[in-house]
Amino acid sequence: MSELATKYDPAEVEDKWYAYWMEHRLFHSEPDDREPFCIVIPPPNVTGVLHMGHMLNNTIQDILTRRARMEGKNALWVPGTDHAAISTEAKVVAKLAAEGIRKSDISREEFLRHAWDWTDKYGGIILQQLRKLGASCDWERTAFTMDETRSKSVIRVFCDLYNKGLIYRGVRMVNWDPKALTALSDEEVIYKEEKSHLFHLRYMVEGEEGKYIVVATTRPETILGDTAVCVNPNDERYTWLKGKRVIVPLVGRSVPIIMDDYVEMDFGTGCLKVTPAHDVNDYMLGDKYNLPSIDIFNDNGTISEQGGMYVGMDRFDVRRQIMKDLDAAGLVEKVEDYVNKVGHSERTDEVIEPKLSMQWFVKIKGLVPPALDAVENDDIKFVPSKFKNIYRHWMTNIRDWCISRQLWWGHRIPAYYLPDGGFVVAENDEEALLKAIEKTGDASLTLSDLRQDPDCLDTWFSSWLWPISLFNGILEPGNEQMRYYYPTTDLVTGPDIIFFWVARMIMAGYEFAGDKPFNNVYFTGIVRDKIGRKMSKSLGNSPDPLELIEKFGADGVRMGIMLAAPAGHDIMYDDSLCEQGRNFCNKIWNAFRLIKGWQVDGAATQPDSAKAGIEWFGAVLNNTLAEVTDLMDKFRISEALMAIYKLFWDEFSSWYLEVIKPAYGSPIDGDTYQATLKFFDTLLRLLHPFMPFITEELWQHLEERKPGESIMYARLPFATEYDDTIISRFEHLKEVVAGIRTIRKQKQIAQKEPLKLFIKGAHDDTLDSILIKMGNLEMIDLVEEKPAGAASFIAGSVEYCIPLEGNINVEEELKKLEKDRAYYEGFLATVRKKLSNERFVASAPEKVVAMERKKEQDALSKLEAISASIAALKK
């Protein structure tokens, strides 16, 4: 190895070692006789770019994967991307529009050529960016939801579910996105609270001059599709309306009054306008009472010819105009401010329009039982477990899944329509033609006589198969890869897609592979800025992860984001976290350079202080190893990192190195040096899953390595038995050293000046060699009484005294002590006044009163020590 640089340069180190890992195929995995560990990446959008959420999610996946490798497991992290039908198609449509080309003016085949060109040009950028983070994915296995294996798997599953009677086609009320021009599943609709209005409109009663009822609505434009008004039969206000009809305002259409207890009497006016084509509940009423259904909207949200008025106008423009017209006609009773929840498209943010549409659906309820039981019984463990309740609620209230999308980019629905009606479902054109001939009995049919359904499948219909299709488990069930890697070990994802993806993968796992898809699901939190706002481009509060890596180094960013990332809790991100990570990298680097800079004398005798220090740090190290193992087993990854961070920064750097380092200009003995290198090796292994680059660089410098060797395959250390009494002894020693340092600081005694230490009370001399070195003591002695003129402090229950003669200005010291005595006398008086208040003692919580009594005792102890110091100085 070349000589270690004076300063840590992340860019040089990171590029070098990632190239090394790739060159030696260190991320690659094939089935063998080791225990498998497998994670499949939540596939990001193929044309997406890295954001802070990806940084968090993929850092956690990499930590788990690297740790598993170091535990001796055959670790595999499978990467890939998602074709993201709606968002990718929208980007391609926008690109074509910028070139003066409309989607409607070109053929499907031509559009798909543009879409593939776009995907080839921009696709996979995010996977390249993940390499900068240090992601140890097996890139040789990179998959795409629209590659050949995944596409064939999707089509086969569609055909399988159709043949089982679990996929059907029908007219249903769907969530329609007028911008993307496609249906959406219920899970793709995000409800946002919005300030709106409740419009109270007059419906004249037919045949009764001057009589009207008032109907309240938030969507006055939909009166164009009203085909009834419903009231509750138990509502005494409206019993007189039974059998009557009313006139839809402006429209002039006569519609019946229907009576159904569906209507809540205390909501609005108690009268409900019924628009079966544009409200899911109205649709059910329309079906029940055989009402006509008038679809007043075109697919793009403008008014259709069936609307009869305002044809071609946008729905929201109509809302404003129709209220003006209703008001002019004297048909508005009043308008109230109103707050309601409005459904928006998860992809385009467009306001959703409920719409009757012919779509394809999955009867999903039959797939629920094994998937629900697996999570309820912790066969699949959710971390944190609180998400089980959300999962249970959704699974027990699940509705049929609308899987068709009115898009060209995606997996085309494998249904073929016959010339004289009906259709067949087949995996390919040739099979479709054979089925069509068999179904019709017409042997003269050709492929050109069949018309394939133009719609595509919901993107989630491909990604729900991800853990299976990545190992070709749909096309080749029970193959070697499936038998070895499936079920996968862990899934790391966000709780926002628990319905879209996690629940559906679990259902698919049991349906198509006969087993769960993974053992554990780790839910990350949402990355927010330091004032709690969700990071977004529009707010401008989301930093570019690659710029952060450039500034702080990948290890610094990884550590910074993980220190603030407890499972399931939101992360309040601030650049200072990455700065802390970078500072830690520098700490590790400088500690290594310090050690490697020592001269070693193999013949030198090991000092007692070094021997004791090695015994102590070995115990602390084993204690932390056990703690980290326990925390990682519980997925408390952030806490595990913090434990290692404290071990290195506080125990190793601040104490151990200070205990064992040789005097300036002197060599270190060989035994201590080798023990220290061994400790450093262990620390690097512990840190490697979290900080892969700097640990690889320093591990390679520890000793000569063979080509292809890497710390990522060095076995993780495990805890062995240790004596925990030495840890408690050393903690006491820290208190004593801190007390000595405080006296030096207060009395302005230089560290180079050796001091005497007298101890009044019981004393364990096991670590005296360290105490002498760390405190720069010339002697330690036990005494019955505190020496005159000595400064003292309490550590535990023992008093430690340092004679001050010749080291301080007595007059100045007396002034300071008198000032301290006055302060503590005043403090004591305040506390006693509070304790003498019977009302306070009687009504305050027991803990509060106990705390005040402790304050009283502490103040008395301080005053006693101060008085003793004053008396000693005056002798």
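A few remarks follow.
- The one condition in (1) modelled with pLDDT under 95; (2) touching a Phe, Trp or Tyr at 6+ places or on another chain (Cβ under 8 Å) that Leu181 fails to fulfil: (2)
- Pairs with Cβ under 7 Å, 6+ apart, first in the range 41-56 and surrounded by fewer than 24 Cβ atoms within 10 Å (Cβ to Cβ), second part of a loop (DSSP other than H, G, I, E, B) and of a type in the set (Phe, Trp, Tyr): Met52/Tyr573
- Residues in the range 593-648 that are within 30 Å of Lys381 (Cβ to Cβ), touching a residue at least 24 places away in the same chain (Cβ under 8 Å) and of a type in the set (Asp, Glu): Glu639 only.
- Of all residues in the range 76-86, one or more are crowded, with 20+ Cβ neighbours inside 10 Å, modelled with pLDDT under 90 and closer than 20 Å to Lys121 by Cβ.
- Top-ranked residue of the range 645-701 - restricted to ones that are of a type in the set (Lys, Arg) and more than 18 Å from Ile711 (Cα to Cα), ranked as most open to solvent (accessible area, probe 1.4 Å): Lys646
- Total residues in the range 215-236, condition within 14 Å of Cys271 (Cα to Cα) and part of a loop (DSSP other than H, G, I, E, B): 7
- Restricting attention to the range 542-570 and to residues that are surrounded by fewer than 16 Cβ atoms within 10 Å (Cβ to Cβ) and part of a loop (DSSP other than H, G, I, E, B), the residue that is modelled with the highest pLDDT turns out to be Asp544.
- Matching residues, the range 87-143, being basic (Lys, Arg) and farther than 30 Å from Glu30 by Cα: Lys91, Lys95, Arg102, Lys103, Arg108, Arg113, Lys121
- When the criteria are applied in full, Gly613 fails the requirement of being in a helix (DSSP H, G or I), in contact with an Asp or Glu (Cβ under 8 Å, 6 or more places away or on another chain), open to solvent by less than 70 Å² (accessible area, probe 1.4 Å) and among the small types (Gly, Ala, Ser).
- When the range 113-145 is filtered for residues that are polar (S, T, N, Q), surrounded by 18 or more Cβ atoms within 10 Å (Cβ to Cβ) and either in a loop (DSSP other than H, G, I, E, B) or modelled with pLDDT under 90 (or both), the ones remaining, listed by number, are Ser136, Thr145.
- Whichever residue in the range 146-177 is in contact with a helix residue (DSSP H, G or I) (Cβ under 7 Å, 6 or more places away or on another chain), modelled with pLDDT of 95 or more and of a type in the set (S, T, N, Q) and, among such residues, is farthest from Met358 (Cα to Cα): Thr149
For every residue, the table says whether it meets (1) touching a helix residue (DSSP H, G or I) at 6+ places or on another chain (Cβ under 6 Å); (2) in a strand (DSSP E or B).
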residue: Lys355; (1), (2): no, yes
residue: Met358; (1), (2): no, yes
residue: Pro369; (1), (2): no, no
residue: Leu372; (1), (2): yes, no
residue: Tyr391; (1), (2): yes, no
residue: Trp394; (1), (2): yes, no
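- Positions within the range 571-590 being within 20 Å of the chain's Cα centre (by Cα), of a type in the set (A, V, I, L, M) and open to solvent by less than 60 Å² (accessible area, probe 1.4 Å), in sequence order: Ile571, Leu577
- Subset of the range 773-809 (residues that are in contact with an Asp or Glu (Cβ under 8 Å, 6 or more places away or on another chain) and either among the small types (Gly, Ala, Ser) or in contact (Cβ under 8 Å) with a residue 40 or more places away in the chain (or both)): Met774, Lys786, Gly789, Ser792, Phe793, Ala795, Gly796, Leu804, Asn807
- Top-ranked residue in the range 411-422 [being more than 15 Å from Leu434 (Cα to Cα) and in contact with an Asp or Glu (Cβ under 8 Å, 6 or more places away or on another chain); ranked as surrounded by the fewest Cβ atoms within 10 Å (Cβ to Cβ)]: Arg412
- Failed criterion for Arg66 (all others in (1) under 30 Å from Glu346 (Cα atoms); (2) open to solvent by less than 10 Å² (accessible area, probe 1.4 Å); (3) among the charged types (D, E, K, R) hold): (1)
- Among strands (runs of 3 or more DSSP E) entirely within the range 237-308, having at least 1 residues that are under 27 Å from Val339 (Cβ atoms) and either of a type outside the set (A, V, I, L, M) or open to solvent by less than 30 Å² (accessible area, probe 1.4 Å) (or both) singles out 271-274.
The values are calculated or read from the model by the stated rules, or taken from the named source; none is laboratory data. This is a predicted model, so every value here is computed, not measured. When we count neighbours, we look across all protein chains shown, and the Cβ atoms used for this are built from the backbone with ideal geometry, even at glycine. To get the accessible areas, we keep the full protein, side chains included, count just its heavy atoms, and leave off ligands, DNA and RNA. Shrake-Rupley method; radii C 1.70, N 1.55, O 1.52, S 1.80 Å.
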